[in-house]
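The values are calculated or read from the model by the stated rules, or taken from the named source; none is laboratory data. Since this is a predicted model, take the numbers as computed values, not measurements. Neighbour counts are summed over all protein chains in view; Cβ atoms, including those assigned to glycine, are modelled from backbone coordinates with ideal geometry.
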Amino acid sequence: MPEPDPDLLIHFTDVLIRRSGVTLVGPVSWQVELDEKWVVLGPNGAGKTSLLRIAAAEVHPTSGTAHVLGEVLGKAEVAELRPRIGLTSAALASRIPADEKVSDLVVSAGYGVLGRWREQYDAVDTDRAVDTLESLGAEHLADRNFGTLSEGERKRVLIARALMTDPELLLLDEPAAGLDLGGREELVARLTDLAQDPDSPATVLVTHHVEEIPPGFTHCLLLKEGGVVAQGLLDDVLTSQNLSSAFSQSIALTKDDGRYFARRTRVPGRHRHR
Ligand SMILES: Nc1ncnc2c1ncn2[C@@H]1O[C@H](COP(=O)(O)OP(=O)(O)OP(=O)(O)O)[C@@H](O)[C@H]1O
């Protein structure tokens, strides 16, 4: 078994998940270092969420070795790892009661629970909750119930909650899913600020869309059908050729002002009026 390297927050060696005889993802070998911001990109069903769930210490690999924050999954106490990881996902969002007050939702993350469970929190915690909400442009939502927020507001509140514990690793599973153009752009702007903050944690963002990659992200892991198409520095991995391979179509990629844009190139002979 490989020795844990203290500079590697995620260190997967030939990690693979199999369910009912079917391989969902893997084998994947992947390393995330302290100051890196990764995008995990790929089509539906490529295995992105499965891989992220290992990084979140939610599932163990069927085979291979997964070190997360220097601990070997399967040996480490998962309960000790979780507070060191900030996670947002649709699964987590679905567990939040509609009448949960936003400020309680954020402050309770520091105690590893969902929702307010103490009558009193320390002033330092409530101040930090306000600060993290503010950093996501969501401080005005503190007294609202979670169920009354728009999708974009929910996403920002959930990221604030994930940051509340000052995590060493931030995992964002499709944070822009379901947002309209304005909501997406607002979120990308907030994530750009976060990525460019030298104190921000190592981050992994899962998405299907290159348009959602915030400037400042450094690396990309491109998946297809559970396997790795390419991984490494963002600009090296994000090429028309690699995207065409991952999405099984001819994709043209452009970059403008630090943002990526992708479209399918027209197949000659198609769309012609007879
Ligand atoms: N518990 C399970 N049992 C069987 N198959 C599963 C299970 N969980 C996921 N899968 C399958 O594994 C594959 C990878 O799923 P995963 O959710 O990791 O992909 P994804 O890249 O995140 O997809 P999407 O972009 O659609 O969210 C899919 O084909 C999915 O149907």
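One residue stands out among those in segment 42-79 that are under 12 Å from residue 15 (Cα atoms), surrounded by 17 or more Cβ atoms within 10 Å (Cβ to Cβ) and of a type in the set (Ser, Thr, Tyr): the one that is farthest from the ligand (Cβ to nearest atom), which is 65. Looking at segment 167-252, the helices (runs of 4 or more DSSP H) lying wholly inside it that each contain 3 or more residues that are under 18 Å from the mean Cα position of the chain (by Cα) and in contact (Cβ under 8 Å) with a residue 40 or more places away in the chain sit at 181-196.
Residue 117 meets the conditions (1) modelled with pLDDT under 90; (2) within 16 Å of the ligand (Cβ to nearest atom); (3) outside any helix (DSSP H, G or I) in every case but one. The failed one is (2).
The listed residues are 252, 246, 195, and the only one of them that is farther than 22 Å from residue 8 by Cα and in contact with a Pro (Cβ under 8 Å, 6 or more places away or on another chain) turns out to be 246.
Screening residue 14 with (1) away from the ligand (no atom under 16 Å from the Cβ); (2) touching an Asp or Glu at 6+ places or on another chain (Cβ under 8 Å) gives one miss only, at (2). Anything in segment 206-239 that is of a type in the set (A, V, I, L, M, F, W, C), surrounded by fewer than 17 Cβ atoms within 10 Å (Cβ to Cβ) and within 16 Å of the ligand (Cβ to nearest atom)? List them, or say none. Matches in segment 206-239: none.
Residues of segment 17-41 that are more than 16 Å from the ligand (Cβ to nearest atom) and either surrounded by fewer than 15 Cβ atoms within 10 Å (Cβ to Cβ) or not hydrophobic (A, V, I, L, M, F, W, C) (or both): 29, 31, 33, 34, 35, 36, 37.
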